[in-house]
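Inspection log for the structure reproduced underneath, given as structure tokens.
The values are calculated or read from the model by the stated rules, or taken from the named source; none is laboratory data. No experiment lies behind these values; they were computed from the predicted model shown. We place every Cβ from the backbone using ideal geometry, glycine too, and count neighbours over all the protein chains shown. The area values use the complete protein model at the heavy-atom level, side chains included, leaving out ligands, DNA and RNA. Shrake-Rupley method; radii C 1.70, N 1.55, O 1.52, S 1.80 Å.
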Amino acid sequence: MAAAEPAVPALPGGGAGAGAPSGTVPVLFCFSVFARPAAVPHGAGYELLIQKFLSLYGDQIDMHRKFVVQLFAEEWGQYVDLPKGFAVGERCRVRLVPLQIQLTTLGNLTPSSTVFFCCDMQERFRPAIKYFGDIISVGQRLLQGARILGIPVIVTEQYPKGLGSTVQEIDLTGVKLVLPKTKFSMVLPEVEAALAEIPGVRSVVLFGVETHVCIQQTALELVGRGIEVHIVADATSSRSMMDRMFALERLARTGIIVTTSEAVLLQLVADKDHPKFKEIQNLIKASAPESGLLSKV
């Protein structure tokens, strides 16, 4: 037996089927400052409403973000979250609302909600990337920290058949995923599936090469999916210092956090009484190499 349909308040100006073809119900679809009337089949649920929103506003909706569908309730005089199991029974008004990141969480790093992304630290890049030896050293320090703190690590390799594997100095012991790619961004279906398997992921710590290509594109895609990104400036570089520095500046202006390896590791332990503090302290006893970050462009 079908579940009873919840009572849905009607909009003023006509009966449930007024102005709609037989077997359909008129619905006002609201998004941002827009409101467009359309008809949906009687009994349409959440999925059909989403499809209708996409058909009406698809060029304006970033579906990488999370949304909530709300229903206008006459008795309250405002929108309320769509009831569970909702089905359209009569004329109504619905809206699609993008969910925002809580500003109070911005910049916070905790091991339980963080994943490390190591991007394309490969052998063929060694002679071309500025300060590559320094970048490798800092990257290895970060991976050691991830192992100590139990943080998952995802590694990609750009066209390894032609560009070689990750450099030997980078110890990949215990990483969650090592994935070849041809796309510049690390945000591949396999990576998204791996992230979905890790509960509560809120932040990605991102490092590797090149800053203005793979790092930049990965960061922008992750932010588009609602994930906070921390780029480790002393663990990422490019063939050109100009490209590297302008990319870091651009990313910082978009709200992405540009930071350093020591800041990341100490933020993750947060307290000298943390049981892993001594091990992390040993990693950072020697300051990370400057890798040209303080040089004039």
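General remarks:
- Per-residue SASA remark: LEU248, around 10 Å² accessible (1.4 Å probe; ligands, DNA and RNA not included).
- Accessible heavy-atom area order of ARG91, ARG244, ARG124, ARG202, highest first, probe of 1.4 Å: ARG124, ARG202, ARG91, ARG244
- The convex hull drawn around the Cα atoms of the chain, when projected onto a plane and averaged over every direction, covers 20.8 nm².
- Pairwise label distance in nanometres, ARG126 with ILE50, each label 7 Å out on the Cα-Cβ vector: 4.8 nm
- Nearest-ten-degree value, helix 46-57 long axis tilted from longest Cα axis of the chain: 80 degrees
- Extension gain for LEU294 to VAL97 (0.36 nm times residue separation, less C-alpha to C-alpha distance): 66.6 nm.
- Solvent-accessible ranking of PHE207, PHE67, largest area first, probe 1.4 Å: PHE67, PHE207
- One decimal place: the segment LEU172-ASP273 gains 33.5 nm when fully extended, by the rule 0.36 nm per residue minus the C-alpha distance.
- Accessible area per residue for segment 143-297 is 47 Å², calculated with a 1.4 Å probe on protein heavy atoms, without ligands, DNA or RNA.
- Non-local lysine pairs in the chain, meaning eight or more places apart or on different chains, with alpha-carbon distances under 27 Å, amount to 19.
- Rolling a 1.4 Å probe across all protein chains gives TYR46 an accessible area of roughly 100 Å².
- Area of LYS183 that stays accessible when all protein chains are in place (1.4 Å probe, Å², to 10): 80 Å²
- Within the accessible area of the chain (1.4 Å probe), percent carbon and sulfur: 55 percent
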